[in-house]
Amino acid sequence: MVAPPNRPTNERGIPVEIKNGVYKLAGGEIAVWLDGCICIKTRNKHNDPFELADDEAKELADLLRRLADQNPIRLPGNRQHTKGAARNESIMQFCFEGEIDEENLVRKLEELVGFKMDPVGGAEGTAPALYSLQRYDRGFKTYLWLAWNGRPPKTDPIDCAIQLSRFLRTAVITDLPEEHPDHAVPSAWCIIEPSGDVFSVLEDDSVDQTHGLVLDRTSQRPLSPTRKD
C-alpha cells in the first residue's frame, strides 16, 4: 500500500497512476489496491461494469501479477508473521503531516497496539507484526503501514491516530471507519488534528499525488465529536 516516489510503468512502458497505494487504470475508471489482499473496483458514479480494451486488459493483468508478488503479507523478513494465511492478515495505515522520526514513531506505535513490530526487509525476526515507512516530498510526507496476524491490537486505527496525533503534535490520516459510507472510496480518508478533532476528507484531485498525499481541505467534514480521552 505504498506509492513509490516516481510514477511507475508496466512491462510495456504504459504509465500506471498511483495515489498513496491506489493504482488507477483505464483513465481512472478502475482502482486497485492492497489491503491484506488485492482489492479492485470500478470508480464510475453508478458502479457500472466497465469495458476494457485489449491494452487496458493486459495492463490490469500485469498490475495484478505484480501486486501478487509484492503483497506485503508475503514479504520476507519475519517467518512467524508471514506463515499465517493471507485471510487472517490485518493492516493499519497512517499518513503524517511533516517529517516524523521513525524510532520515536515506532516506539509509540508499539505501545499503543500492544505488540512489537519489525521493519519489512529487515533481518528475520520474531515480532508478531511488520511495518513499512515511506517518505515523500510534500503534503503528508510520512506514510506507515502496519500488518499483523493473530491477536488484535489494543486500539482501533482512529483511536490510535488520535493518540499519535496528540503525541507527535501533527495531523494524522488513517482509513475511515467501516461504517462510514465513503469507507471503500480510495480517495476518502479520516484526518485527526492534534486537538482530537476528527474529520472525513478527500484527496485533492487537481494535484499529482505520487510525491505525497495532498488533501482538499474544502471537502473536510466533522466525523465525530472531539474526543478528550
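With +1 assigned to the C-beta of every Lys and Arg and -1 to the C-beta of every Asp and Glu, and no other charges, what is the dipole magnitude of region 79-224 about the Cα centre in debye, to the nearest 20?
Using Cβ point charges on Lys, Arg, Asp and Glu, region 79-224 gives about 540 debye.
Check residue 176: other-chain or 5+ apart residues with amide H under 5 Å from its amide H, H built from backbone geometry?
The answer is 190.
Calculate, in nm to one decimal, what residue 112 and residue 179 gain on full extension: separation in residues at 0.36 nm each, minus their alpha carbon distance.
21.8 nm is the gain from fully extending residue 112 to residue 179.
Which FRET efficiency value, to the nearest 0.05, do you get for residue 90 and residue 206 by plugging their Cβ-Cβ distance into 1/(1 + (r/R0)^6) with R0 = 30 Å?
Computed FRET efficiency for residue 90 and residue 206: 0.35.
Can you pull out the trypsin sites (Lys or Arg not before Pro) in region 161-229 whose DSSP state is coil and whose Cβ has at most 14 other Cβ atoms within 10 Å?
Sparse-neighbourhood loop trypsin sites (Lys or Arg not before Pro): 169, 228.
Within 10 Å of each candidate Cβ there may be at most 11 other Cβ atoms; applying that plus a DSSP loop requirement, which GluC sites (Glu not before Pro) in region 176-228 survive?
Listed in order of number, the matching sites are 178, 179.
Computed from the coordinates by the stated procedures, all read-outs in this text should not be read as laboratory data. Quick caveat, the model's predicted, so the values are computed rather than measured. FYI the Cβ positions are ideal-geometry reconstructions off the backbone, even for glycines, and counts take in every protein chain you see.
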